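Here is the structure we will look at, set down as structure tokens.
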Amino acid sequence: MPKENNKKAMRKMGQAMMATMPLQMKFQVMFRMLLAGNDEEKRKKIMGEVKQRRRFTHPRDQIEWYPTIDHLKCQGCRVCLEFCPKGVFAEDADKGVIVSRPYECVMLCSGCEIKCPHEAISFPNRKQFYRYVYYI
């Protein structure tokens, strides 16, 4: 099950990136991904190159894309802490897991939402945020 959650999280992040790309760039990325096959290193390299071309229409700290935690559902399992490479989450002695660095969240990423086994993490509607992202 955890491996399937990783695949879902990666798929969702890839879909978010593809949704904001120009059509020609989508075809190029899809073609290169097909050629990469199951080679994870090649796939990571392709996505890294795509990330280098991504820009925002506003400074990141003015775009309110970040997770929220429903503390009634959160069981303190720390899956989000372990999953997030940007350190968006932290532990608070009184509140448990909190969103401590919201603007460090990768724009349009919602992988932690899928990883949370208690469905305690949510994000705003992603389609409202596509307008903030473009590629060069």
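Data overview
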| item | result |
| --- | --- |
| Scan of the range 37-50 for residues that are within 22 Å of Cys112 (Cβ to Cβ) and free of Cβ contacts under 8 Å to residues at least 12 places away in the same chain, ordered by number | Glu40, Arg43, Lys44, Gly48 |
| Filtered residue count, the range 89-100, keeping only those that are charged (D, E, K, R) and either closer than 10 Å to Cys74 by Cβ or surrounded by 14 or more Cβ atoms within 10 Å (Cβ to Cβ) (or both) | 1 |
| The lone exception for Pro124 - which of (1) in contact with a Lys or Arg (Cβ under 7 Å, 6 or more places away or on another chain); (2) surrounded by 12 or more Cβ atoms within 10 Å (Cβ to Cβ); (3) part of a loop (DSSP other than H, G, I, E, B); (4) modelled with pLDDT of 90 or more it fails | (1) |
| Ile136 in contact with a helix residue (DSSP H, G or I) (Cβ under 6 Å, 6 or more places away or on another chain), touching a residue at least 12 places away in the same chain (Cβ under 8 Å), surrounded by 12 or more Cβ atoms within 10 Å (Cβ to Cβ) and aliphatic (A, V, I, L, M) | no |
| Residue ID - nearest to the chain's Cα centre (by Cα), chosen from residues in the range 53-75 that are surrounded by 12 or more Cβ atoms within 10 Å (Cβ to Cβ) and over 28 Å from Met21 (Cα atoms) | Ile69 |
| Residues of the range 73-97 that turn out to be more than 25 Å from His58 (Cα to Cα), aliphatic (A, V, I, L, M) and not in a helix (DSSP H, G or I), as a count | 3 |
| Test: residue in the range 108-120 that is modelled with pLDDT of 95 or more, within 25 Å of Gly14 (Cβ to Cβ) and touching a Phe, Trp or Tyr at 6+ places or on another chain (Cβ under 8 Å) | no |
| Lys42 vs. criteria among the basic types (Lys, Arg), touching a Lys or Arg at 6+ places or on another chain (Cβ under 9 Å) and closer than 25 Å to Ile136 by Cα | yes |
| Filtered residues of the range 41-72 (kept if β-branched (Val, Ile, Thr) and assigned to a strand (DSSP E or B)) | Thr68, Ile69 |
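The values are calculated or read from the model by the stated rules, or taken from the named source; none is laboratory data. Keep in mind that this is a model prediction, so the values were computed, not measured. Note that each Cβ is placed from the backbone with ideal geometry, even for glycine, and that neighbours are counted across all protein chains shown.
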